[in-house]
1. If a residue must be at pLDDT 85 or above and touching a Gly at 6+ places or on another chain (Cβ under 7 Å), how many such residues does the range 71-109 contain?
2. Of the residues Lys81, Lys105, which single one is within 28 Å of Asp146 (Cβ to Cβ), touching a residue at least 24 places away in the same chain (Cβ under 8 Å) and of a type outside the set (S, T, N, Q)?
3. Which residues, counting only those in the range 65-116, are part of a loop (DSSP other than H, G, I, E, B), more than 20 Å from Asp137 (Cα to Cα) and either among the aliphatic types (A, V, I, L, M) or touching a His at 6+ places or on another chain (Cβ under 6 Å) (or both)?
4. Can you pull out every residue in the range 34-46 that is in contact with a strand residue (DSSP E or B) (Cβ under 9 Å, 6 or more places away or on another chain) and part of a loop (DSSP other than H, G, I, E, B)?
5. Return the total of residues in the range 19-33 being surrounded by 14 or more Cβ atoms within 10 Å (Cβ to Cβ), in contact (Cβ under 8 Å) with a residue 24 or more places away in the chain and of a type outside the set (Val, Ile, Thr).
Amino acid sequence: MDHPYLSMKYVDAEDLDDKTVKFAGLEVDGVDDEKLGKVEGFIIDVSAGRPYYVVVGAGHIFKHKHFLLPIGHVTLDDTGKKLMADLTKDRVERFPGFDKREFEKLSKDDLTQLSDRMAAECCPTDVVIVEAWETADHYRYPGWWDANFYRPERIENTDEVGMTGDRGR
């Protein structure tokens, strides 16, 4: 099955140009100053170098999950050493889990369902439409992002659909 949004790919944080910001392992905190997890990658429109989600690894030894954090809810702190979400840890803990290895296989219905479930927990009073990538505040282009962070030549072990190797993680 072809992915419904062919230019949308999971890009590992280690494959981004880190001259300005080292995203791999960057801490992500909530508005309540609680740690939400660490950056593992981004869901990016690779044709434009535009991010839509931060892929966050959360958990500890006994429990681990990944979740998507809509890019419109994230800012880079002044030091460039932490991402700050405008959501509480309690709210984020209700987000659906995410398998970064499965993103390329999701159908349009799967993506819509994932987006709807996340929006219901993230922004219950807002209407978020997955096809409205360019206009929804949920996916607002972050002022701290530089489209040149995504450099396709940095990606290792890329197959035809753009999924990077798992690198033993």
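1. Here the count works out to 5.
2. Numbers: Lys105 fails: within 28 Å of Asp146 (Cβ to Cβ).
Answer to the selection: Lys81.
3. Matches in the range 65-116: Phe98, Leu106.
4. At the first step, the residues of the range 34-46 found to be in contact with a strand residue (DSSP E or B) (Cβ under 9 Å, 6 or more places away or on another chain) are 35-46.
Hit for the range 34-46 is Val46, nothing else.
5. 5
The values are calculated or read from the model by the stated rules, or taken from the named source; none is laboratory data. These numbers come from a predicted model, not from an experiment. Quick reminder, even Gly has a Cβ in these numbers, built from the backbone with ideal geometry, and neighbours come from all protein chains shown.
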